[in-house]
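This report concerns only the one structure given below.
The values are calculated or read from the model by the stated rules, or taken from the named source; none is laboratory data. The structure displayed is predicted, hence computed values, not measured ones. Cβ atoms come from the backbone with ideal geometry, glycine included; neighbour counts cover every protein chain shown. These area figures cover heavy atoms from the full protein model, side chains too; ligands, DNA and RNA do not enter into them. Shrake-Rupley method; radii C 1.70, N 1.55, O 1.52, S 1.80 Å.
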Amino acid sequence: MTIELAVIGGTGVYALGDLADVESHQPVTRYGAPSGPVRVGTCAGKRVAFLARHGEGHSLPPHTINYRANLAALKALGATRVLALNTVGGITERFGPRVLACPDQLIDYTWGRVSTLCEEPGSEVLHVDFGAPYTPSLRRDVIAAAQRAQVALVDGGCYGATQGPRLETRAEIERMRRDGCDLVGMTGMPEAGLARELELDYACLAIVANWAAGAGPDASEIITLQDVLDNVAAAMEGVPRILRTLLGE
Ligand code: HPA
């Protein structure tokens, strides 16, 4: 079974409304079970898989997600290209709430997560190249699809992956800005690194839900879950058009 594209949904994205003829799969991998069922269906005439990263009821915090099982399950179903939807906070000027972005770099601040396939004794030791953490050809296709679909999407940016589940302090965000981060999220790693180890093409479509702590015009603004969900819902409006165009409609 060929799957043209696998989509991993983040906070606020628990289904792909555009999928028809959906079958559910519950694969169990050598790394355990994924976050929930993988829904495989048809979109723009192509087979597409969808997995909700946090589980369909958002029951898994970022540091407990079995990223290895999620990606291995998608690969076992035949996926070779993975588009990760990641809800993020915006740090620098171009990345305000409701912006869509396709970052080209990342910095990993997470800790204590199982972050490689070579965890188990006896497994092959891998040192994959990760200079360009997102697959350039898939990024190019996503950016071209957004242009053709006339959906605004920022090309580039650096994603800083934090441990969570709490949001960051203003000082932490200021440090991340100095480091060169434009976006902050809790789920970008180890997912991207594992995708490289699994030889999956992988790109991130980041959905900016809020200004990161202290980053917006009102530095003392409190980030609420409701704002996050409202902004994700608004920004998601253009995503099905990007996907359909990416799939060749
Ligand atoms: N920080 C980290 N992760 C996030 C944020 C944030 O401000 N917003 C959405 N995901």
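Taking only the Cα atoms of the range 50-144, how large is their convex hull per residue, in Å³?
Numbers: hull volume 14.8 nm³, N = 95.
For the range 50-144, the hull spanned by Cα atoms encloses 156 Å³ per residue.
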For the range 207-216, what does the Karplus curve 6.51 cos²θ - 1.76 cosθ + 1.60, with θ = phi - 60°, yield as ³J(HN,Hα) per residue in whole Hz, taken in order and with x for Gly and Pro? 10, 7, 9, 6, 6, 5, 3, x, 8, x
Please list THR224, THR116, THR80 from largest to smallest accessible area, probe radius 1.4 Å, with all protein chains kept in place. THR80, THR224, THR116
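How much accessible area per residue does the range 5-246 have, counting only protein heavy atoms and a probe of 1.4 Å, in square angstrom? Can you show the working numbers first?
Working: 10420 Å² over 242 residues.
Averaged over the residues of the range 5-246, the accessible area is 43 Å².
Roll a 1.4 angstrom probe over the protein heavy atoms and tell me the percent of accessible area of the chain that is carbon or sulfur. Could the numbers behind the result be given before it?
Working: 5520 of 10900 Å².
Result for the chain: 51 percent of the exposed heavy-atom area is carbon or sulfur.
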Output for the range 150-249: trypsin sites (Lys or Arg not before Pro) sitting in coil per DSSP, at most 15 other Cβ within 10 Å, listed by number, reads ARG166
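Show me the trypsin sites (Lys or Arg not before Pro) within the range 93-147 that DSSP assigns to loop and that have at most 14 other Cβ atoms within 10 Å of their Cβ. It would help to have the intermediate numbers written out before the result.
Numbers: sites: ARG94, ARG98, ARG113, ARG139, ARG140; in loops: ARG94, ARG98, ARG113.
Qualifying residues, ordered by number: ARG94.
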Gaussian network model of the chain, Cα springs within a sub-10 Å range: biggest mean-square fluctuation belongs to which of VAL28, VAL125, VAL13? VAL125
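What is the Cα convex hull volume of the chain when expressed per residue in Å³? All intermediate terms of the calculation are to be shown ahead of the outcome.
Details: hull volume 29.0 nm³, N = 249.
It is 117 Å³ per residue.
Among the chymotrypsin sites (Phe, Trp or Tyr not before Pro) within the range 119-192, which fall in a DSSP loop and have no more than 14 other Cβ atoms within 10 Å of their own Cβ?
When the chymotrypsin sites (Phe, Trp or Tyr not before Pro) of the range 119-192 are filtered for loop state and at most 14 Cβ neighbours within 10 Å, PHE130 remain.
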Expected field for LEU225, accessible surface area in Å² at 1.4 Å probe radius, rounded to 10, holds 120
Based on DSSP H runs of at least 4 residues, each adding -39500 (n - 2.57), what is the mean residue ellipticity at 222 nm of the chain after dividing by all its residues, to the nearest 500 deg cm²/dmol? -7000 deg cm²/dmol
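What translational diffusion coefficient, to the nearest whole µm²/s, does the range 187-243 have by Stokes-Einstein, given a Kirkwood radius computed over alpha-carbon pairs, a temperature of 37 °C and 0.692 mPa s viscosity?
On the way: Rh = 13.7 Å.
Calculated translational D: 240 µm²/s.
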